[in-house]
Structures are given as C-alpha cells and as structure tokens.
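Notes for the one structure printed next.
Coordinate-derived values only; no laboratory data. Every value quoted in this text rests on a predicted model; they were computed, and no experiment measured them. Every residue, glycine as well, gets a Cβ built from its backbone with ideal geometry; the counts of neighbours run over all protein chains shown.
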Amino acid sequence: MDDARKLVGLEVQVPLADRVKLPAGSYYISDLVGCAVQEKGGASVGLVRDVEIHGDEISGTPNLVVDTARGELVIPLAQEICVDVDLVARRIEVVLPEGLRELNLE
C-alpha cells in the first residue's frame, strides 16, 4: 500500500508504437483531436478540439468538440453521424442531423 501511494497523481504514458490496437470503430482521443471535420459532399465544418466522454465509456457515445467559424459545435461520435473516420488523412466525414447546428448555438 505504501508503494502504491507513491504513485498517486502520476501520469502513465505509453509510447505510440506500443499502444494496443483498437477494434474497428474505436479510436484513441489523441488520434481524433486535430482532425478536420467535413460534411458528406465536401463542406468544411471545422477542427476537432476535444473529445468528451460522459458516463460509462463502454456504453456511452463520446462527443467531438469541433471549433467552427460560428463557434463550438458538439457532434456525437456515432456511426450514423460520423460516417467516415480517416485517421491517416486526419479527416472525419459527417452527416449532421437536422437542427444539430442550431441546438449547439443556443
């Protein structure tokens, strides 16, 4: 127990090359931050600034926090909305549900 207390507040870091390979459709937050978000068809939305995880990490849907020209836009990282995530190209293609932009501006 005394040895464990010495580690309180420390951060564990794993080299990128040693990270566990995730199953299809799962992503490391660090891989999503900085990705360009665009609507299917090409219109630019903005850049992912952060990923929010609320509640249970396994059953909950994370949200992409995207910086846009009109302010912050929160987009659920759901397969129906984020239809293509290309980490190599650093691009996420989305189909935004009707009213999502307006909901975020309120």
Expected max-MSF residue from 18, 31, 84 in the GNM of the chain (alpha carbon, under 10 Å) is 18
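Length gain on complete extension for the stretch residue 20 to residue 103, per 0.36 nm per residue less the alpha carbon to alpha carbon distance?
26.3 nm
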Amide H to amide H, which residues 5 or more places from residue 96 or on other chains are under 5 Å from it, using H placed in the peptide plane? 40
Candidates 19, 91, 49: whichever shows maximal mean-square fluctuation once the chain is modelled as a Gaussian network with Cα springs under 10 Å: 19
Mind telling me which of 23, 76, 15 comes out most flexible in a GNM of the chain, alpha-carbon contacts under 10 Å? 15
Below 9 angstrom from the Cβ of residue 92, what's the summed charge of the other residues (Lys, Arg +1; Asp, Glu -1)? -1
Amide H proximity to residue 33 below 5 Å, modelled H, separation 5+ or other chain, gives none
Taking 0.36 nm per residue of sequence separation and subtracting the Cα-Cα distance, how much length would be gained by fully extending the chain between residue 91 and residue 36, in nm to one decimal? 19.3 nm
Between beta-carbons, use under 13 Å as the cut-off and find the net charge around residue 65, counting Lys and Arg +1, Asp and Glu -1. -3
